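Inspection log for the structure reproduced underneath, given as structure tokens.
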Amino acid sequence: MDTLLGALHAHGAPAVHLCMVRANTAARAFYDRLGFEPLDVPDPGPVWYLGRPTAQAAPPRPAAAVEPDRIREPGRGRMVEQEQRHGKEAP
């Protein structure tokens, strides 16, 4: 994945995004460990939209259980906790 992200960055792609079915919690944990964050998408339905910059290395993260109800609302729940944990003000 680092090779892919590095190549995309070298060719001018500032970020990547993906869409995945919410039921695939193992894949969600994988992408979380790679530094992907939920994207704010109106009415995403039964899927998650995730994205991350291509320029930065994935931050080290402990594996965490996926909590769909807390991630469902963009800008709240999990995202807010991550921003507070890194010392940033939540929106």
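The values are calculated or read from the model by the stated rules, or taken from the named source; none is laboratory data. Predicted model only: the values in this text are computed from it and were never measured. Cβ placement follows ideal geometry from the backbone for every residue including glycine, while neighbour counts extend to all protein chains displayed. Note: accessible area is taken over every heavy atom of the protein model, side chains too, but ligands, DNA and RNA are not part of it. Shrake-Rupley method; radii C 1.70, N 1.55, O 1.52, S 1.80 Å.
Look at (1) surrounded by 14 or more Cβ atoms within 10 Å (Cβ to Cβ); (2) in a loop (DSSP other than H, G, I, E, B); (3) modelled with pLDDT of 90 or more and you find that Tyr49 fails only one, number (2). Among the residues of segment 11-20 satisfying the criterion of being in contact (Cβ under 8 Å) with a residue 12 or more places away in the chain and open to solvent by 50 Å² or more (accessible area, probe 1.4 Å), which is nearest to Pro44 (Cα to Cα)? This residue is Cys19. The conditions of being in a helix (DSSP H, G or I) and either open to solvent by less than 80 Å² (accessible area, probe 1.4 Å) or not small (Gly, Ala, Ser) (or both) are met by Leu8.
A Cβ distance below 7 Å, combined with a sequence gap of six or more or placement on separate chains, defines the contacts here; from segment 36-54, residues that are within 23 Å of Leu4 (Cβ to Cβ) and β-branched (Val, Ile, Thr) reach residues that are part of a strand (DSSP E or B) and open to solvent by less than 50 Å² (accessible area, probe 1.4 Å) in the pairs Val47/Met20; Thr54/Val16. When the criteria are applied in full, Ala23 meets the requirement of being open to solvent by 70 Å² or more (accessible area, probe 1.4 Å) and either free of Cβ contacts under 8 Å to residues at least 60 places away in the same chain or not hydroxyl-bearing (Ser, Thr, Tyr) (or both).
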